[in-house]
Amino acid sequence: MLKKIILLLIALSAACLYSQVMDNHYIQPDDYFISDRPLEGHSWIGIQVAKMIEPPGANTNGEAKFMRVHDGKELWTKNYWQSRIAAENEIKIGTVAIMFDYSSGDVYIPPKQRDDARTHNWFMAKITDTSTLYKGHVLVSGGYNVRKDNIRVIGAAAELPVKIAETVKSAPAEPVKKETSVVKQEPVKAAADPNLKIVKAVYGDFLEDNSMDVTDILNAKVKDGYLKVTCSDTFLGVNFPTANEKSLQIKYQTKDGVFETVVIQSMSAKLPDKNHRKVKQ
C-alpha cells in the first residue's frame, strides 16, 4: 500500500511539472507584472511578467526583488502588481487595466500562445471609453483600442469566488436520521463526490475562428475519474490544421466541485494533477 502511495505521489508531481495551472492569458497564480515606474504621470507604461524571489521588508523601502521571466534578470522595484482576467462588470471607465502588447489591425488582442504571453511585453493604462464595449473592445489611455478579453485588472486571482457546478449538490446539513432509507440518500452522496468531468475543452490557438470544442471527445476518454491527455490531433481523433502552435485548454471539475483550468502544449498530463483547494463555505 505504501509503495502504491509513493508511486502515485511521484506521478502527480511529474504531472504538475508538465501542466502548470494558468488562466486564459497563460498567467500563473504567483506571477507578477513589474515596471521601473508607476502609472501615475503617464498615459501608459510597459510592464513584464516576473516572479517574486524576495518580498519587501522593513529595510527595502517597499521594494521587492523579482526575476523577469523572459530574460532571468533580477531587479528590485516597488512597482509590482498581481492581476486577474477582468469580468465584464469590472470593465469601467477609470479602471487601471493590464493588457498584452500586441495588436491585430487597430485592436490589441490577448496572447495566442504561452511563450508569447510569458516573454513579450504587456502594458498598463486606464480605461477611458467603454462606448464600444458592445462591439467587444474599449479605449484606454494613450488612444489604444483593446479587446475586452485582453483586459486584466489588479488583484490576485484567489480573490475571485469559486464557482460550483449547478449539478453538484451539497450534502444535507442535518445528519441523516436512522429511519431514512439509505437508498434515498445514495443520489445525494454521488452528486457530492462526482467523477472527473470536463466542463469545457478548446483545441487550437483559442481564437474563435481557429479553435474547436473537444469537450465531448475528452469526456468520452475519462476513466475512473481520471484522464491522461495529450495535445495532438491523433489523441483527439481530429484533423485540425492551424498556422499557430496548437494548445489544449481544459476546464474541469474536481471531486470537491472546484473548477480548475490547465493549458497543455504538445505534451501529456494526468487530471486531476494536484491536491485541490477546498471550497470555502
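Please tell me which of these pairs span more than 20 angstrom C-alpha to C-alpha: K78/K112; K92/K135; K65/K148; K92/K251; K197/K246; K200/K223? Violating the 20 Å Cα-Cα cut-off are K78/K112; K65/K148; K92/K251; K197/K246. Ordering of 121-132, 50-61 by packing is 121-132, 50-61, highest average first (other Cβ atoms within 10 Å, averaged per residue). Per residue, the average separation of C-alpha pairs within less than 8 Å and at least 6 apart gives the stretch 31-159 a relative contact order of 27 percent. Here the gap between E74 and N239, fully extended at 0.36 nm per residue and compared with their Cα-Cα distance, gives a gain of 55.1 nm. Centroid-to-centroid, using Cα positions, the stretch 89-156 and the stretch 14-85 are 18 Å apart. If you wrap the stretch 20-77 in the convex hull of its Cα atoms and look at it from every side, the mean projected area works out to 5.0 nm². A protection proxy built from the mean count of other Cβ atoms within 10 Å ranks the segments 39-45, 91-97, most packed first, as 91-97, 39-45.
Only the coordinates and a few stated rules stand behind these numbers; no lab work does. The shown structure was predicted, so the numbers you read here are calculated from the model rather than taken from an experiment. Reconstructed Cβ throughout: ideal geometry from the backbone, glycine too, with neighbour counts over all protein chains shown.
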